[in-house]
Amino acid sequence: METQVTQPGSTAAKLLMGRGSNRRAWQDKLTQVGVTFGGTMVFVALLLIFFYLLYVVKPIFDGADVTPVMTAQLDKPDVATLMVGSDEQNEIIYRVTSQGEVQFYRATTGQLIETNSIEIPSDARIVSSATAFPSQQRFAYGLSNGQVIIADLQFGVTYPDNQRLITPNVSFPLGQPLLQVAGGDVALNQLTFAYSSDRMSFAYRSDAGQWFLSRQEGEENMMTEEVEWTATSSVISDAPVQVQQQLMTPDQRQLLLRSGNRLFVYDIRDAEAITLMQVIELERAKTKVTDVSLLAGASSVLVSYDNGLILQYFQVNGDKGRQYQAIRQFSNQAGVKRIASEFYRKSFATISDSGELNLLYTTSQRKLFSQRFDLKQPGVMGFSPRSNALVVEAGGQLHLFAVDNSHPEVSWSAMWDKVWYEGYPEPQYVWQSTSGSDDFEAKLSLMPLAFGTMKAALYAMLFATPLAIAGAIYTAYFMSPKVRAVVKPTIEIMEALPTVILGFLAGLWLAPLIEDNLPGLLLLLVLLPCSILLTAFAWHQLPGRWKQRLPETYQELMLLPVIVFIGWFSFYISPVVEQVFFGGDSRMYITNELGITFDQRNALVVGIAMGFAVIPTIFSIAEDAVFSVPRHLSNGSLALGATNWQTLTRVVLLTASPGIFSAVMMGLGRAVGETMIVLMATGNTAIMEWSVFEGMRTLAANIAVEMPESAIGSSHYRVLFLAAFVLFIFTFLVNTIAEVVRQRLRERYSSL
């Protein structure tokens with residue numbers, strides 16, 4: 001049987017070679033297309049993440065929008081209006097007059113639904129009227145015979161035939177319309193009041209010009225379960241003669257009387273011992289006060305002027321105790337005639353005689369909306385309970401406006417500058433997104449979170465970078481191949497350890513260990529490097545015949561007993577050192593003697609725990625960079641008479657510097673984005689302190705903690721996405737800078 005052999009130069013050989021070349025060309029082409037497609041998809045994915053974050057974040061910086069919806073012609077427009085507003089669904093708007101009538105209008109058509117008249121005794125007349133806080137939708141009438149009528153507006157919701165039906169109603173919280181406040185010969189002029197289930201307070205002026213405070217204390221009878229009221233009445237002896245406005249805080253602690261350009265603030269917590277707390281000078285050059293109003297929560301007072309200026313006052317601790325102080329101001333083009341505050345948020349609306357309507361927010365100090373409408377002789381305004389509608393009484397009509405004001409709390413200044421929050425002694429950076437109060441002032445400053453992120457990364461890098469780079473240099477340049485084959489994979493496999501395990505160990509084991517043995521840890525930081533240097537020096541001084549007894553391959557391992565002994569010794573004598581130098585309690589010494597706050601879960605714990613998570617990343621990349629330096633460079637340097645140390649510092653490290661720098665930047669990116677360790681190993685307190693003994697809250701940990709609890713689409717929800725966007729931008733910039741620097745270092749030392 002003959003075997004046919006194909007000659008290299010034959011036609012069949014050329015055909016086979018051509019097929020092989022075509023196959024390789026197709027493989028190369030497919031590989032090129034696949035790599036290009038994969039890289040493009042990575043870039044597209046980054047762009048999609050970027051634009052999705054922008055899509056979620058953008059609405060928080062949009063302004064508000066106010067649009068006219070309906071106009072209703074008033075019944076009895078010549079009667080003064082006391083209060084206006086709407087129900088929660090904005091289907092019914094109401095008007096309460098100063099003469100005891102409540103009118104309800106259909107919001108869709110402006111048609112008058114019904115009119116409820118408050119029954120007044122035949123021997124009395126209404127001499128004053130007042131409203132409670134907007135969220136209560138409550139009002140009162142003061143009568144000439146010393147009686148008061150308190151009424152609430154309620155809107156019942158039923159669903160006959162699966163159709164929502166809202167029924168307005170006027171109710172009396174006391175169960176009866178009339179309550180005797182003063183004697184029958186004392187009229188309740190200029191009434192102001194506050195009401196709760198167990199306490200009522202009324203301030204009023206008599207016909208003789210004397211101001212009184214009447215306090216009603218309620219106590220439930222255990223037998224009959226009825227509330228029994230006990231009355232106390234006091235004279236406000238130092239009240240001003242002429243009072244243009246009177247206000248009472250809902251907590252019934254303060255009474256405010258405006259007389260001209262002065263605001264008198266009284267402490268009425270004890271009805272029998274009323275004291276004048278402060279007299280606020282409201283006067284501004286060539287201006288006149290037009291209105292004084294309480295902001296939501298009643299912690300702030302808004303004062304408007306005829307030139308468009310609006311000042312916000314709230315109490316600040318000082319030498320004389322808590323005193324009202326002007327905190328921030330807003331300016332408008334037109335004079336402000338009336339102010340209306342939202343039920344729960346710190347937004348408020350203003351209107352001028354020319355019909356200019358403005359919507360503002362105090363905390364973020366934003367002007368959210370400004371537009372002039374055809375509103376002649378504007379009067380009373382009122383928000384709906386959900387703050388998505390505004391009712392304005394003007395020109396004998398009720399005007400209903402739809403309000404779109406979803407995210408007034410957020411502004412660049414509120415997130416990145418110091419803000420003076422209500423009750424705080426000074427402007428501060430504060431993150432506090434939730435509270436148990438409905439009228440909570442949102443504090444959404446990202447500065448404490450960004451600061452905590454940098455602090456955690458800094459301490460982690462201070463711990464990890466020297467150890468990782470020094471270990472990488474020694475492993476790649478000095479360590480024997482046999483030991484390196486064990487050490488390098490062992491350190492790299494540490495990267496596979498879940499960070500939740502490190503965080504768990506740091507929070508439950510390492511933090512108490514450091515607290516109980518803090519002197520030992522500080523002693524370890526001093527003794528360990530000294531012992532290593534002394535051991536190296538002693539080894540250097542040993543005779544050569546002694547050194548040869550230990551194989552050169554395993555000389556690195558001689559430090560292990562030294563390190564273990566120094567670690568044990570440091571913690572063993574920690575109680576003795578603590579007793580001698582710190583009075584037996586190092587934590588109390590740091591707190592009391594040094595004045596430094598000590599938290600068990602602090603930056604030191606985070607730095608050590610996160611350092612162990614970052615070390616494998618830095619070590620692996622840096623070790624590869626040093627080990628990859630061509631041997632002919634180091635051999636040439638040694639051949640010219642340089643020592644190993646000179647060769648390392650002047651040749652090897654310079655050549656490997658791009659890779660070492662990349663390793664550090666990769667470690668920094670890992671530290672910045674770490675979540676579980678800082679979540680479990682810190683107190684998650686959003687503070688701005690560099691102290692190693694205090695904790696922090698990072699951007700990543702904050703997102704992990706609060707995202708499950710945030711309402712979708714809320715300001716809190718979108719600010720958390722903004723925090724993610726900040727992290728994304730930061731890591732992008734770090735990686736970009738790292739790549740640029742790495743390329744320049746490579747070009748600079750490529751000629752070596």
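The values are calculated or read from the model by the stated rules, or taken from the named source; none is laboratory data. Computed from a predicted model, the values in this text were never measured in an experiment. Positions of Cβ are generated from backbone atoms using ideal geometry, with glycine treated the same way; all protein chains shown enter the neighbour counts.
Pairs needed: first member in region 392-415, under 30 Å from residue 722 (Cα atoms); second member anywhere, aromatic (Phe, Trp, Tyr) and buried (at least 16 other Cβ atoms within 10 Å of the Cβ); C-beta distance under 7 Å; at least 6 residues apart or different chains.
Final answer for the pair search is 408/361; 409/361.
Per-residue answers, yes or no, for (1) under 24 Å from residue 696 (Cα atoms); (2) in a helix (DSSP H, G or I):
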position: 407; (1), (2): no, no
position: 426; (1), (2): yes, no
position: 455; (1), (2): yes, yes
position: 461; (1), (2): yes, yes
position: 466; (1), (2): yes, yes
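Determine, yes or no, whether residue 681 is outside the structural domain of residue 617 (by TED's automatic domain parsing) and buried (at least 18 other Cβ atoms within 10 Å of the Cβ). Even if it seems obvious, please write down each step before you answer.
Numbers: outside the structural domain of residue 617 (by TED's automatic domain parsing): no; buried (at least 18 other Cβ atoms within 10 Å of the Cβ): yes.
The answer is no for residue 681.
For the structure I just gave you, tell me whether residue 668 is in a helix (DSSP H, G or I), within 30 Å of residue 622 (Cα to Cα), of a type outside the set (Gly, Ala, Ser) and out of contact with any Leu (no Cβ under 7 Å at 6 or more places or on another chain).
Considered against the rule, which asks whether it is in a helix (DSSP H, G or I), within 30 Å of residue 622 (Cα to Cα), of a type outside the set (Gly, Ala, Ser) and out of contact with any Leu (no Cβ under 7 Å at 6 or more places or on another chain), residue 668 comes out as yes.
Filtering region 412-423 down to residues that are assigned to a loop (DSSP other than H, G, I, E, B) and in contact with a strand residue (DSSP E or B) (Cβ under 8 Å, 6 or more places away or on another chain), which residue is nearest to residue 329 (Cα to Cα)?
Top of the filtered list is 420.
Please enumerate the residues belonging to region 433-448 that are polar (S, T, N, Q) and at pLDDT 90 or above.
445
Every residue, every condition in (1) closer than 20 Å to residue 131 by Cβ; (2) charged (D, E, K, R); (3) in a strand (DSSP E or B), yes or no:
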| position | (1), (2), (3) |
| --- | --- |
| 359 | no, no, yes |
| 363 | no, no, no |
| 367 | no, yes, yes |
| 374 | no, yes, no |
| 382 | yes, no, yes |
| 386 | yes, yes, no |
| 393 | yes, yes, yes |
| 400 | yes, no, yes |
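Give me the residue from region 117-142 that is of a type outside the set (D, E, K, R) and surrounded by fewer than 17 Cβ atoms within 10 Å (Cβ to Cβ) and, out of that set, farthest from residue 76 (Cα to Cα).
136
Starting from residues that are aliphatic (A, V, I, L, M) and surrounded by 16 or more Cβ atoms within 10 Å (Cβ to Cβ), keep the ones in region 396-431 and report whichever is nearest to residue 316 (Cα to Cα).
The qualifying residue nearest to residue 316 (Cα to Cα) is 419.
Has region 333-345 got at least one residue that is closer than 29 Å to residue 428 by Cβ, among the aromatic types (Phe, Trp, Tyr) and in a strand (DSSP E or B)?
Checked region 333-345: no residue is closer than 29 Å to residue 428 by Cβ, among the aromatic types (Phe, Trp, Tyr) and in a strand (DSSP E or B).
Quick one: which residue in 301, 241 is assigned by TED's automatic domain parsing to the domain that holds residue 137 and either part of a strand (DSSP E or B) or not basic (Lys, Arg) (or both)? Can you show your working first?
Numbers: 301 fails: assigned by TED's automatic domain parsing to the domain that holds residue 137.
After applying the criteria, what remains is 241.
I'd like the residue in region 187-201 that is in a strand (DSSP E or B) and free of Cβ contacts under 8 Å to residues at least 60 places away in the same chain and, out of all such residues, is surrounded by the most Cβ atoms within 10 Å (Cβ to Cβ). Before the answer, list the steps.
Taking region 187-201 first, the residues in a strand (DSSP E or B) are 189-196, 199-201.
In the following step, the residues that additionally are free of Cβ contacts under 8 Å to residues at least 60 places away in the same chain were identified as 196, 199-200.
On the way: 196: 13, 199: 15, 200: 24.
Once the filter is applied, the top-ranked residue is 200.
Considering only strands (runs of 3 or more DSSP E) fully contained in region 122-173, which possess at least 3 residues that are modelled with pLDDT of 90 or more and farther than 25 Å from residue 206 by Cα? Step through it out loud before you land on a result.
Working: elements: 126-131, 138-143, 147-158, 165-171.
Filter on region 122-173 gives 147-158, 165-171.
Hey, residue 354 hits all of (1) among the polar types (S, T, N, Q); (2) buried (at least 16 other Cβ atoms within 10 Å of the Cβ); (3) out of contact with any Gly (no Cβ under 6 Å at 6 or more places or on another chain); (4) more than 22 Å from residue 364 (Cα to Cα) but one; which does it fall short on?
Only one criterion in (1) among the polar types (S, T, N, Q); (2) buried (at least 16 other Cβ atoms within 10 Å of the Cβ); (3) out of contact with any Gly (no Cβ under 6 Å at 6 or more places or on another chain); (4) more than 22 Å from residue 364 (Cα to Cα) is unmet by residue 354, namely (2).
When you go through 451, 463 one by one, which is the residue that is under 27 Å from the mean Cα position of the chain (by Cα), over 30 Å from residue 92 (Cβ atoms) and at pLDDT 90 or above?
After ruling out the rest, the residue left standing is 451.
Looking at residue 444, is it in contact with a strand residue (DSSP E or B) (Cβ under 6 Å, 6 or more places away or on another chain) and crowded, with 21+ Cβ neighbours inside 10 Å?
In short, no.
Evaluate region 494-501: report whether one residue or more is in a helix (DSSP H, G or I), farther than 16 Å from residue 616 by Cβ, among the hydrophobic types (A, V, I, L, M, F, W, C) and without any contact (Cβ under 8 Å) to a residue 40 or more places away in the chain.
Taking every residue of region 494-501 in turn, none turns out to be in a helix (DSSP H, G or I), farther than 16 Å from residue 616 by Cβ, among the hydrophobic types (A, V, I, L, M, F, W, C) and without any contact (Cβ under 8 Å) to a residue 40 or more places away in the chain.
Filtering region 268-279 down to residues that are crowded, with 16+ Cβ neighbours inside 10 Å and closer than 25 Å to residue 136 by Cα, which residue is modelled with the highest pLDDT?
Per the stated criteria, the residue is 268.
It is to be established whether one or more residues within region 127-141 are in the same structural domain as residue 215 (by TED's automatic domain parsing) and over 24 Å from residue 341 (Cα atoms). If you could, list the steps in order and put the result at the bottom.
The first filter runs over region 127-141 and keeps only residues in the same structural domain as residue 215 (by TED's automatic domain parsing), leaving 127-141.
Keeping just the survivors that are over 24 Å from residue 341 (Cα atoms) gives 127.
Within region 127-141, one or more residues are in the same structural domain as residue 215 (by TED's automatic domain parsing) and over 24 Å from residue 341 (Cα atoms).
Could you please tell me which pairs satisfy a Cβ distance under 7 Å, a separation of 6+ or placement on different chains, a first residue in region 216-236 that is modelled with pLDDT of 80 or more and among the aliphatic types (A, V, I, L, M), and a second residue that is exposed (fewer than 15 other Cβ atoms within 10 Å of the Cβ) and part of a loop (DSSP other than H, G, I, E, B)?
Listed by first residue and then by second, the contacts come to 235/210.
Okay, residues lined up against (1) in a loop (DSSP other than H, G, I, E, B); (2) surrounded by fewer than 18 Cβ atoms within 10 Å (Cβ to Cβ); (3) touching a residue at least 40 places away in the same chain (Cβ under 8 Å):
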residue	(1), (2), (3)
647	no, no, no
700	no, no, yes
707	no, yes, no
729	no, yes, no
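Answer yes or no: is there a residue in region 622-630 that is exposed (fewer than 15 other Cβ atoms within 10 Å of the Cβ) and farther than 28 Å from residue 537 by Cβ.
Yes, there is a match, as at least one residue in region 622-630 is exposed (fewer than 15 other Cβ atoms within 10 Å of the Cβ) and farther than 28 Å from residue 537 by Cβ.
This table checks each residue for (1) of a type in the set (Val, Ile, Thr); (2) crowded, with 19+ Cβ neighbours inside 10 Å; (3) at pLDDT below 90; (4) under 29 Å from residue 375 (Cβ atoms).
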residue	(1), (2), (3), (4)
266	no, yes, no, no
281	no, no, no, no
290	yes, yes, yes, yes
319	no, no, yes, no
325	no, no, no, no
332	no, yes, yes, yes
349	no, yes, no, yes
